[in-house]
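What follows is a short report on a single structure.
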Amino acid sequence: MSILSVKAISSLHAEFSVPGDKSISHRAAIFGGLSNGTCEISNFLPSEDCLNTLKAMRSLGAKFDILEELEGYGPTRLRIHGQSMKLSAPEAPIDCGNSGTGMRLLAGLLAGQEFTTELFGDASLSSRPMGRITKPLKEMGANLETLGEKAGCAPLKIHGSKLQPINYEMPVASAQVKSAVLLAGMFAEGITTVTQPSTTRDHTERMLSKFRVSIRTDGNKITMAGCQTPESCDFAVPGDISSAAFWLVAAAAKNGSRLLLKDVGLNPTRTAILKVLSRMGAHMTETVHSSGGEPIGNIEIHGAPLKGTTLLPEEIPNLIDEIPVIAVAAALAKGETHIRNARELRVKETDRITTTVENLRKMGVDVEEFEDGMIVHGCKKLKGAQIESHGDHRIAMAFAIAGLFASGETVIHGADCINTSYPGFAEHLNAIRHERSNPEHFTLPTI
Ligand code: S3P
């Protein structure tokens, strides 16, 4: 297992782009593979999670050609050959690695096929709840077994069956559940409706529209008729705002800093992090320069002394992946930051309430833990520490950012998990540490 060592920086001045969006790359591989022709996908995220989904689609018949590659990682531009909704049985069980998104979306896709498939993942994925998707899928007529040692967990055995449409009220605000039901609904005759308790990321809906599948959103209710074949199209994946969040926090908390992040996805169901950092005192401007399908733009941020804030309940689903790094910003801010109503964090790649609290405490932060979140008492000096990622990419990266503000050395153990979502993070960290503000001097190509 690799380690990442980080020391404090005195200032931060940089301009660059973060890699493609993870949620959108998964969906581009899936919908491209279902479409009725070839689709060129650019700025695809060559992370382990997304590569697993791409390989899964290949094993289901959707071949792809690599047009550009990030050396050592995988394709960033590719052409996928859609199968017009007719997938074929894979030769072997499908490995979803560490990815809840990959497994839950593929389960929805596979529920209505004419063959049996098995989906498996690593130890973390095998302990995450799958009942949230097996319940609605079974109500649609799917025949699924959870084979895991832990009840209701992966591996999943999916015996494809004829599905009926569903009118489903989701008990948890989860874009993965919504997308799994919609993917199953694509193979059911009739109207599928999903109602979410609060707004979650809408990449599936936007991508289906882009592929000319007729889908309607009315508040939190999404309605779609089944048996529509997506029309192939080319797709440019925006930069991942969840990856941008690490640098935004670093810049926000460093007084006098300036950071320009280019071509970031600014989908309003993902931008709550920007609102939170503004409330905490960061100065920020966003400029949307393209809005076909997914809004894309630049974010310029200037650091300032930060103050604590309270995350609003309705913001939580829209910044759920950013909470570990928001907790780091909170530790560097004056006053208290209240992060509550975030119980979902306990069923991510790790129990992110426990792993965040444990690592903050190691760095000398005063933090109270609750069943549904934490209260961070900010503004004590951070001290360098030995940090355990517990195999969770967002924990590893959040605490690498904390290390930029800590005395002494911060060592992230198990840093290789970062490749599940951000290939090149260590290179970007290095470039920032050495004040290479000119993007031409960045060692990593701005993918
Ligand atoms: C995702 C949805 C979120 C998020 C995950 C990606 C998606 O999970 O945490 O990283 O791409 O749909 P939930 O749907 O479980 O909230």
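The values are calculated or read from the model by the stated rules, or taken from the named source; none is laboratory data. Just so you know, these numbers come straight off a predicted model, no measurement behind them. Glycine also receives a Cβ, built like all others from the backbone with ideal geometry; neighbour counts cover every protein chain displayed. All accessible areas refer to the heavy atoms of the entire protein, side chains included, with ligands and DNA or RNA removed. Shrake-Rupley method; radii C 1.70, N 1.55, O 1.52, S 1.80 Å.
What share of the DSSP beta bridges in region 22-236 is antiparallel, in percent to the nearest 5?
Close to 80 percent.
Which value, in nm² and rounded to one decimal, describes the direction-averaged projected area of the C-alpha convex hull of the chain? Write out the running numbers ahead of the final one.
Numbers: hull surface 73.6 nm².
The orientation-averaged projected area of the Cα hull of the chain comes to 18.4 nm².
Can you give the charge dipole size of region 148-288 about its Cα centre, rounded to the nearest 20 debye, using +1 on the beta carbon of Lys and Arg and -1 on the beta carbon of Asp and Glu? Don't skip to the end; give the middle numbers.
Details: 16 positive and 11 negative charges, 69 e Å.
Around 340 debye, computed over region 148-288.
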Legend entry - Net charge over other residues, Cβ less than 11 angstrom from the Cβ of Ala180 (K, R count +1; D, E count -1): +4
Inset, instruction - Starting at the first residue of region 311-328, write each ³J(HN,Hα) from the Karplus equation 6.51 cos²θ - 1.76 cosθ + 1.60 with θ = phi - 60°, in whole Hz, x for Gly and Pro. - result: 6, 7, x, 6, 7, 3, x, 8, 9, 4, 6, 8, 4, x, 7, 5, 5, 5
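Students often get this wrong, so check it: of Lys275/Lys362; Lys138/Lys210; Lys63/Lys86; Lys22/Lys178; Lys55/Lys262, which have C-alpha atoms separated by over 21 Å? Show your work: numbers first, answer last.
Numbers: Lys275/Lys362 28 Å; Lys138/Lys210 29 Å; Lys63/Lys86 13 Å; Lys22/Lys178 17 Å; Lys55/Lys262 29 Å.
As for pairs spanning more than 21 Å Cα to Cα, those are Lys275/Lys362; Lys138/Lys210; Lys55/Lys262.
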Legend entry - Farthest positive-ward along the chain dipole, Cα basis, beta-carbon charges - from Ala62, Thr287, Pro238: Thr287
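What does the charge count around Lys221 come to, taking other residues whose C-beta lies under 13 Å from its C-beta (Lys +1, Arg +1, Asp -1, Glu -1)?
On the way: positive: Lys178, Arg216; negative: Glu169, Asp202, Glu205, Asp218.
Every neighbour counted, the sum reads -2.
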Legend entry - Hydrodynamic radius (Kirkwood) for region 266-381, which is based on Cα pairs only, to one decimal in Å: 14.7
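How would you classify region 180-249 from its alpha-carbon gyration tensor, with a ≥ b ≥ c the square roots of the eigenvalues: rounded for a/c under 1.5, else prolate if a/b is greater than b/c, otherwise oblate? Can you show the working numbers first?
Working: a/c = 2.92, a/b = 1.55, b/c = 1.89.
It comes out oblate by the Cα gyration axes.
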Legend entry - Built amide H within the under 5 Å cut-off of Thr310, gap 5+: His338
Legend entry - Most mobile listed residue (Gly364, Gly102, Gly82) in the chain, GNM with C-alpha springs under 10 Å: Gly364
Legend entry - Among Leu119, Leu70, Leu163: highest mean-square fluctuation, GNM of the chain, C-alpha pairs under 10 Å: Leu70
Inset, instruction - Could you please state how large a percent of the accessible area of the chain is carbon and sulfur, counting protein chains only and using a 1.4 Å probe? - result: 48
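Could you work out Rg/(2.2 N^0.38 Å) for region 291-447, with Rg from alpha carbons only? Mind dumping the intermediate values first?
Working: Rg = 16.0 Å, N = 157, 2.2 N^0.38 = 15.0 Å.
The value comes to 1.06.
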Inset, instruction - Using only C-alpha positions, report the orientation-averaged shadow area of the convex hull of region 261-320, nm², one decimal. - result: 4.3
Legend entry - Over region 332-386, volume per residue of the alpha carbon convex hull, in Å³: 68
Inset, instruction - Over the Cα atoms of region 288-329, compute the convex hull volume and normalise it per residue, giving Å³. - result: 108
Inset, instruction - Keeping all protein chains in place, calculate the accessible area per residue for region 22-236 (probe 1.4 angstrom), answer in Å². - result: 38
Inset, instruction - Please work out how much length the chain gains when fully extended from Asn430 to Asn255, using 0.36 nm per residue of separation minus the C-alpha to C-alpha distance, in nm with one decimal. - result: 61.0 nm
Legend entry - On Cα atoms only, tilt of 175-185 relative to the major axis of the chain in degrees: 10
Legend entry - Phi to ³J(HN,Hα) by Karplus 6.51 cos²θ - 1.76 cosθ + 1.60 over region 219-225, Hz, x for Gly, Pro: x, 9, 10, 10, 10, 8, 7
Legend entry - Gaussian network model of the chain, Cα within-10 Å springs - most flexible of Pro171, Pro324, Pro155: Pro171
Inset, instruction - Tell me which residues come under 5 Å, amide H to amide H, from Thr116 once H is placed; ignore anything under 5 positions away on its chain. - result: Gly160
Inset, instruction - Would you please name the trypsin sites (Lys or Arg not before Pro) within region 48-94 that are DSSP coil residues with at most 13 other C-beta atoms within 10 Å of their C-beta? - result: Lys63, Lys86
Inset, instruction - Mind pulling up the Rg/Rh value for region 22-236? Radius of gyration and Kirkwood radius, both on Cα. - result: 0.93
Inset, instruction - Could you check what % of the DSSP bridge pairs in the chain are antiparallel, to the nearest 5? - result: 75
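Would you please classify the overall shape of region 1-143 from the alpha carbon gyration tensor, given that a ≥ b ≥ c denote the square roots of the eigenvalues, rounded means a/c under 1.5, and beyond that prolate means a/b larger than b/c while oblate covers the rest?
Numbers: a/c = 2.33, a/b = 1.45, b/c = 1.61.
Oblate is the answer for region 1-143, as a/c is 1.5 or above yet b/c matches or exceeds a/b.
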Legend entry - Backbone HN-Hα couplings from phi across region 6-22 [Karplus 6.51/-1.76/1.60, Hz, Gly and Pro as x]: 10, 10, 5, 10, 8, 7, 9, 9, 7, 9, 6, 10, 8, x, x, 5, 5
